[in-house]
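Structure record follows, encoded as structure tokens.
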Amino acid sequence: MASASKPAVAQETLSYCTSCKIDLAHLIVSMKGDKIAKVECKTCKKTHAYKAPKGVTEVAPKAAKKKRASKKSEDGSPSATTIEAEWEKLMNTHRDAPFKSYAPKSKFILGDKIKHSTFGEGIVGKLIYPNKLEVIFRTDIKVLIHGGA
Ligand SMILES: [Zn+2]
């Protein structure tokens, strides 16, 4: 294919056909700047938006990939959802424990559930000697003081 020359209306180009579902020769119908906007399939004669030929970009078979992705994303992704997942797990583990409202003068122990006026509901994940707590809130982990110094 002569893809080295600039594409122009009425020229032939290789595009993925949305009806035929394969890469086919198309005629350029319209341009957007120097990009191909619309093409007409030479096989089915349908006009549709230009799509880069799939043969170039597509690597893995789609069906096998999709099944995995939908199931894994809940606990497998190392993104911002990790804290929330951990938080949910802890909340679930300690679901019978009552909430204590946070005040710097109160004393907390590991696993205590805290209700904080700014950060919301959290759970004590770590005690830092002598008077600090690492509290896992829904979207963030905060270090708070306790025990009233
Ligand atoms: Zn077609």
Exercise. Could you list, in sequence order, all residues of segment 11-25 that are within 8 Å of the ligand (Cβ to nearest atom) and in contact with a Leu (Cβ under 7 Å, 6 or more places away or on another chain)?
Key: CYS17
Practice problem: Return the only residue of ALA85, ALA49 being out of contact with any His (no Cβ under 6 Å at 6 or more places or on another chain), modelled with pLDDT of 95 or more, of a type in the set (A, V, I, L, M) and surrounded by 10 or more Cβ atoms within 10 Å (Cβ to Cβ). | Solution: ALA49
Quiz prompt | Complete set of residues in segment 17-56 that are outside any loop (DSSP other than H, G, I, E, B) and farther than 15 Å from PRO7 by Cβ | solution = ASP23, LEU24, CYS41, THR47, HIS48, LYS54, GLY55, VAL56
Exercise. Provide a single number: the residues in segment 12-32 that are surrounded by 12 or more Cβ atoms within 10 Å (Cβ to Cβ) and farther than 17 Å from THR43 by Cβ.
Key: 2
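The values are calculated or read from the model by the stated rules, or taken from the named source; none is laboratory data. Keep in mind the model is a prediction, meaning the values are calculated, not measured. In this analysis, Cβ positions are derived from the backbone assuming ideal geometry, glycine residues included, and neighbour counts consider all displayed protein chains.
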